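Heads up, the thing below is written out as structure tokens.
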There are 2 protein chains.
Amino acid sequence: MTPTRTWQLQSTVHENNIVSLALVEADLPALGPDDVVVRMEAAPINPSDLGVMFARADMDTVARDASAAALAVRATLSPEAMQAAAGRVGLRIAAGNEGGGVVVAAGTSERAQALLGNVVGIRGGAMYAQYRCIDAHQCLVLPQGSASVDAASCFVNPLTALGMVETMRLEGHTGLVHTAAASNLGQMLQKICLADGIPLVNIVRSMEQAALLRRIGASHVCDTSQPAFMADLTEALAETRATLGFDATGGGELTSQILAAMEAAANRNAEEFSRYGSTVHKQVYVYGSLESGPTLLHRTYGMSWGVGGWLLTNFLRQIPPEKVDRLKNRVASEIKTTFASHYTKVVSLAGALEADEIAQYSRRATGQKYLIDPTRA
Amino acid sequence: MTPTRTWQLQSTVHENNIVSLALVEADLPALGPDDVVVRMEAAPINPSDLGVMFARADMDTVARDASAAALAVRATLSPEAMQAAAGRVGLRIAAGNEGGGVVVAAGTSERAQALLGNVVGIRGGAMYAQYRCIDAHQCLVLPQGSASVDAASCFVNPLTALGMVETMRLEGHTGLVHTAAASNLGQMLQKICLADGIPLVNIVRSMEQAALLRRIGASHVCDTSQPAFMADLTEALAETRATLGFDATGGGELTSQILAAMEAAANRNAEEFSRYGSTVHKQVYVYGSLESGPTLLHRTYGMSWGVGGWLLTNFLRQIPPEKVDRLKNRVASEIKTTFASHYTKVVSLAGALEADEIAQYSRRATGQKYLIDPTRA
């Protein structure tokens with residue numbers, strides 16, 4: 001029997017500077033010929049999900065929302081966060097960017113019918129739900145023997161890591177720098193770079209994280225907790241000539257430090273002094289916001305530099321669809337190796353609304369990752 | 001008789017964190033067949049020259065350099081400034097990016113000989129000098145009746161203003177935002193935009209500057225000294241749909257404010273809410289550093305944004321030489337109208353080393369511009 005209703009987590013920003021995240025029941029859309037219904041069994045809580053769930057609220061203000069009819073939590077937004085959320089005031093946004101599950105119903109088309117019973121990974125919001133209705137051709141079908149948990153994180157992290165490498169190629173760079181490099185995403189990126197022969201400079205925050213990366217084959221790991229960090233980073237950049245960085249932290253000095261070290265490396269490799277700094281273009285994309293403060297750019301790196309936002313969905317729109325398919329196929333075929341993810345805790349939909357769980361997963365600590373299993377009571 | 005020696009201003013950063021700017025005599029290079037010698041009569045002190053002259057030193061520490069044999073001043077560099085200047089330690093750099101003068105000697109080639117007696121504008125360093133030897137085809141020959149003072153600023157500001165417009169076209173934007181907009185450069189940009197039908201949003205710091213721009217035809221002027229600045233800016237950006245900014249200030253919040261106002265304007269014009277902010281690409285290039293502090297990016301403008309350095313010489317290398325020639329020809333033909341510059345004070349080479357003059361011209365105040373006349377005693 002085709003499900004027609006689902007419990008799901010919905011986030012709403014209200015006029016009074018409050019964001020409310022609630023577990024509510026909603027209708028599923030009518031099943032079109034090309035659609036399938038996926039019974040969601042595993043959906044990760046990624047940093048990008050936290051923005052949707054809590055709208056940059058002050059996480060110290062999270063409390064049970066007694067005013068709501070449903071099970072819900074609320075938190076307070078600063079004026080700046082409220083301004084950034086202006087476009088979504090009053091809208092109910094169903095959270096969860098990606099997840100894995102089993103196709104339990106299908107429209108009449110051949111393509112949809114062929115998916116019945118398959119484990120698939122899907123993306124596009126409303127994944128923190130018992131069921132999700134989606135166009136069949138948006139499903140990433142995993143090889144036989146895969147479980148929903150394998151499919152849970154098959155879009156955001158794998159395609160982000162592959163997207164970084166593609167961006168590097170498209171923009172004419174030949175090496176990469178990555179921060180928060182011990183994350184699931186960072187480990188995937190290191191594995192891809194090893195397989196594809198791309199020099200990668202990993203930036204981590206502790207010796208444990210450095211050791212973890214070295215165990216999977218990293219040759220350049222720079223640790224911000226070490227006094228020699230800037231010297232180490234400059235050395236690694238001079239060796240690799242990496243001129244493109246991806247920074248997950250966003251706030252603070254790290255983006256600027258990377259650019260400064262790239263400039264120092266470029267000047268070390270340069271043949272003559274240029275009065276406006278090196279002419280080597282140095283680029284850092286900010287793709288996350290683990291540190292919520294402002295990005296500080298000291299501009300001590302000449303004039304050939306750039307900083308910008310990088311978002312997977314925008315990137316995927318910029319490249320040809322065949323290319324996107326090629327990247328997805330690589331993910332499916334390497335889902336248990338290169339693109340394997342690790343989770344530290346599994347919670348139910350209601351469990352994701354427990355204050356102590358929120359306190360944990362909203363810390364965005366590297367190496368800690370929550371999974372929501374909507375089949376759990 | 002062909003001059004073989006010249007007095008010139010040379011800047012040197014020393015190991016001991018000191019920059020010294022000295023008036024010294026130097027040999028001119030031997031005159032090649034295609035070279036000419038220009039008797040320099042007018043060279044502006046642009047913000048970009050200050051970086052060469054003083055290497056981001058603390059300008060409160062400027063003092064007569066008694067240790068030098070020549071007439072000289074010195075100033076102290078912070079560790080950060082010293083790091084940025086690492087590549088030029090011990091090098092004597094002859095200052096002055098551009099200037100105008102008269103061709104008084106020429107090599108044997110037809111092209112060089114044809115320039116004898118002409119008023120030309122030239123660029124490339126070592127312009128704060130009595131004489132400058134340069135390849136004839138690098139000279140911009142001004143129309144009959146022009147004076148050296150007309151030629152003084154015919155490269156940096158005019159080509160920067162034209163380069164901003166070209167960058168806008170190359171990168172697919174349709175309108176511009178400009179800060180420090182009441183400057184010589186800003187007025188040129190406004191005149192170009194009026195002539196070419198390009199929407200321009202001018203950002204100024206006072207009502208006087210706003211009035212000045214309105215007198216030359218500006219329709220969008222936003223004043224940071226007004227409480228309604230952000231609302232005015234958002235309104236102007238929604239109207240013009242300008243998504244490319246050029247910021248001369250660099251340090252502080254202005255770059256981030258422009259991006260935030262662009263995002264607010266884009267969301268106002270958007271048809272539906274996008275959870276990661278608008279997909280309209282918003283770009284600000286930092287082309288100056290009137291404010292020397294760090295650039296603060298608050299990242300409240302989604303993920304489709306970029307900030308970067310913009311440098312005229314890099315830009316001119318990126319476009320085809322024919323295009324550069326076309327821009328230069330436009331400058332020559334409009335040198336007394338669109339590209340006319342105004343100066344507040346003229347000093348000699350020695351005068352540029354007087355402490356009270358340095359205190360004035362290093363302030364980089366909008367509307368105040370020094371000219372060096374090396375023919376003055």
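A compact table of results
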quantity: Set B:Lys191/B:Lys323; A:Lys191/A:Lys328; A:Lys282/A:Lys328 screened for pairs whose C-alpha atoms are more than 24 Å apart; calculated: A:Lys282/A:Lys328
quantity: Heavy-atom surface of the range A:10-88, accessible at 1.4 Å and reported per residue (Å²); calculated: 43 Å²
quantity: P(r) tail fraction, the protein assembly as shown - alpha-carbon pairs more than 38 Å apart, %; calculated: 46 percent
quantity: Between helix B:321-333 and chain B: long-axis angle, C-alpha atoms, 0 to 90°, nearest 10; calculated: 80 degrees
quantity: Radius 13 Å from Cβ of A:Val120, net charge of other residues (Lys, Arg +1; Asp, Glu -1); calculated: 0
quantity: Cα centroid of the range A:84-130 to Cα centroid of the range B:306-377, whole Å; calculated: 58 Å
quantity: Exercise: per-residue mean of other protein chain Cβ atoms within 10 Å, B:48-55; calculated: 1
quantity: FRET efficiency, 1/(1 + (r/R0)^6) with R0 25 Å, evaluated for B:Gln144 and B:Leu194 via beta carbons; calculated: 0.40
quantity: Residue-by-residue Karplus 3J(HN,Hα) for the range A:12-19, coefficients 6.51, -1.76, 1.60, Hz, glycine and proline x; calculated: 9, 8, 9, 3, 7, 6, 10, 10
quantity: Within the accessible area of the range A:24-143 (1.4 Å probe), percent carbon and sulfur; calculated: 50 percent
quantity: Helix A:229-240 axis, angle to chain A major axis (alpha carbon atoms, nearest 10°); calculated: 90 degrees
quantity: Spatial separation of Cα centroids for the range A:204-220 and the range A:1-29, in angstrom; calculated: 40 Å
quantity: DSSP-defined antiparallel bridges as percent of all bridges, chain B, nearest 5; calculated: 65 percent
quantity: Charge context of B:Val73, other residues only, Cβ under 14 angstrom, K/R +1, D/E -1; calculated: -4
quantity: Cβ-derived FRET efficiency at R0 51 Å, B:Thr174 paired with B:Ala30, nearest 0.05; calculated: 0.55
quantity: Chain B, rotation onto A, residue closest to that axis via Cβ, with its distance in Å; calculated: B:Val307, 2
quantity: Whole-number percent relative contact order across the range B:1-148, with pairs defined as alpha carbons under 8 Å at least 6 apart; calculated: 34 percent
quantity: Shielding by partners - mean other protein chain Cβ count within 10 Å, residues of A:309-317; calculated: 4
quantity: For the range A:247-377, alpha-carbon Rg relative to the globular expectation (2.2 N^0.38 Å, N residues); calculated: 1.45
quantity: Cut-off 17 Å, label 7 Å out along Cα→Cβ of A:Thr108, residues of the range A:37-62 by amide N; calculated: A:37
quantity: Gain in span if fully extended, A:Asp356 to A:Arg5, counting 0.36 nm per residue against the direct Cα distance; calculated: 123.5 nm
quantity: Label point 7 Å beyond Cα of A:Val89 along Cβ direction - residues of the range B:298-316 with amide nitrogen under 18 Å; calculated: B:300-302
quantity: Efficiency of FRET between B:Gln368 and A:Glu15 - r from beta-carbon atoms, R0 35 angstrom, step 0.05; calculated: 0.15
quantity: For the range A:135-141, Karplus couplings with θ = phi - 60° (6.51, -1.76, 1.60), whole Hz, Gly/Pro x; calculated: 4, 4, 7, 8, 7, 9, 7
quantity: Relative contact order (%) - chain A, alpha-carbon pairs under 8 angstrom, separation at least six; calculated: 17 percent
quantity: Antiparallel bridge percentage (DSSP; both residues within the protein assembly as shown; nearest 5); calculated: 65 percent
quantity: B:Asp223 long-range amide H proximity, modeled H, under 5 Å; calculated: B:Val204
quantity: Local electrostatic count, A:Arg299, Cβ distance below 14 Å [Lys/Arg +1, Asp/Glu -1]; calculated: -3
quantity: Relative contact order [Cα under 8 Å, 6+ residues apart], the range B:125-191, whole percent; calculated: 27 percent
quantity: Equivalent ellipsoid semi-axes - Cα gyration tensor, the range A:239-311, angstrom; calculated: 23, 12, 9
quantity: Highest-first arrangement of B:214-226, A:116-128, where packing means the average Cβ count within 10 Å; calculated: A:116-128, B:214-226
quantity: Percent of alpha-carbon pairs separated by more than 31 Å within chain B; calculated: 40 percent
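The values are calculated or read from the model by the stated rules, or taken from the named source; none is laboratory data. This one's a predicted model, so the numbers in the text were calculated from it and none came from an experiment. With ideal geometry, Cβ positions are generated from the backbone for all residues, glycine too; neighbour counts draw on all protein chains shown. Side chains are part of the model used for accessible areas, which takes the heavy atoms of the whole protein and leaves out ligands, DNA and RNA. Shrake-Rupley method; radii C 1.70, N 1.55, O 1.52, S 1.80 Å.
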